[in-house]
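Only one structure is covered here, and it is reproduced in the block below.
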Amino acid sequence: MSGQAVSSSSFVLAKGQSLSGRPKVLLADDHEMVLERVQSLLHDYEVIATVHNGRDLVSAALRLQPDVIVSDITMPFLNGIDAAHEIHQSGSTARFVFLTVHEQPAFLHACFAEGAFGYVTKSHLGRDLIPAINEALSGRCFIFPSIPR
């Protein structure tokens, strides 16, 4: 399924400012169960949209101007790394946190080459996602500790 599901609490006042005052997060993953799990953890953030592929990620990011983008790497139409490249090339200042099954150093390096602030494995999302988002918002990087660098 392609497209975008926008939460009912996603009214955006202006770039960088949400109705709730909480950091705005855009989620991208092609698995609905992952999106639901991630949303269940983000109590202190405003999830402004969820998307299921890289093309929709680029479109939503440029339109909604999130503070943080939590993105899978492997998605239909455009992977998360290439989407991050397009989003940053368009002038977005959104901070990327990649949430992925990939633990190979090549993926890690490719993500950080495109300006990622975080890299979290899906097997540890319950423990590491919130710290990774917080570090990204503070301008610091977070890498899941057991990933070889």
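The values are calculated or read from the model by the stated rules, or taken from the named source; none is laboratory data. Remember, predicted model here, so these are calculated numbers, not experimental data. Every residue, glycine among them, receives a Cβ derived from its backbone with ideal geometry; neighbour counts consider all protein chains shown.
Overview of results
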item: Residues satisfying the stated conditions in the range 40-98, i.e. hydroxyl-bearing (Ser, Thr, Tyr) and surrounded by fewer than 18 Cβ atoms within 10 Å (Cβ to Cβ); result: 40, 59, 74, 90, 93
item: Qualifying residue in the range 40-53 (condition: in contact with a Gly (Cβ under 8 Å, 6 or more places away or on another chain) and polar (S, T, N, Q)); result: no
item: Answer from 140, 127 - the residue that is of a type in the set (D, E, K, R), more than 14 Å from the chain's Cα centre (by Cα) and in a helix (DSSP H, G or I); result: 127
item: Test: residue 66 is in a loop (DSSP other than H, G, I, E, B) and at pLDDT 95 or above; result: yes
item: Among the residues listed as 82, 72, the single one being within 17 Å of residue 30 (Cβ to Cβ) and either within 12 Å of the chain's Cα centre (by Cα) or of a type in the set (A, V, I, L, M, F, W, C) (or both); result: 72
item: Residues of the range 114-129 satisfying the condition of being within 16 Å of residue 28 (Cα to Cα) and either in contact with a Leu (Cβ under 7 Å, 6 or more places away or on another chain) or polar (S, T, N, Q) (or both); result: 119, 120, 121, 122, 125, 129
item: Residue count for the range 108-149, restricted to those that are basic (Lys, Arg) and surrounded by 15 or more Cβ atoms within 10 Å (Cβ to Cβ); result: 1
item: Hits in the range 102-124 (condition: assigned to a helix (DSSP H, G or I) and polar (S, T, N, Q)); result: 123
item: Flag for residue 33 being of a type in the set (A, V, I, L, M, F, W, C), assigned to a helix (DSSP H, G or I), at pLDDT below 95 and surrounded by fewer than 18 Cβ atoms within 10 Å (Cβ to Cβ); result: yes
item: Counted residues, the range 40-72 - those being out of contact with any Asp or Glu (no Cβ under 6 Å at 6 or more places or on another chain) and closer than 16 Å to residue 88 by Cα; result: 17
item: Any chance residue 47 is touching a helix residue (DSSP H, G or I) at 6+ places or on another chain (Cβ under 6 Å), farther than 20 Å from residue 145 by Cα and either of a type in the set (Val, Ile, Thr) or in a strand (DSSP E or B) (or both); result: yes
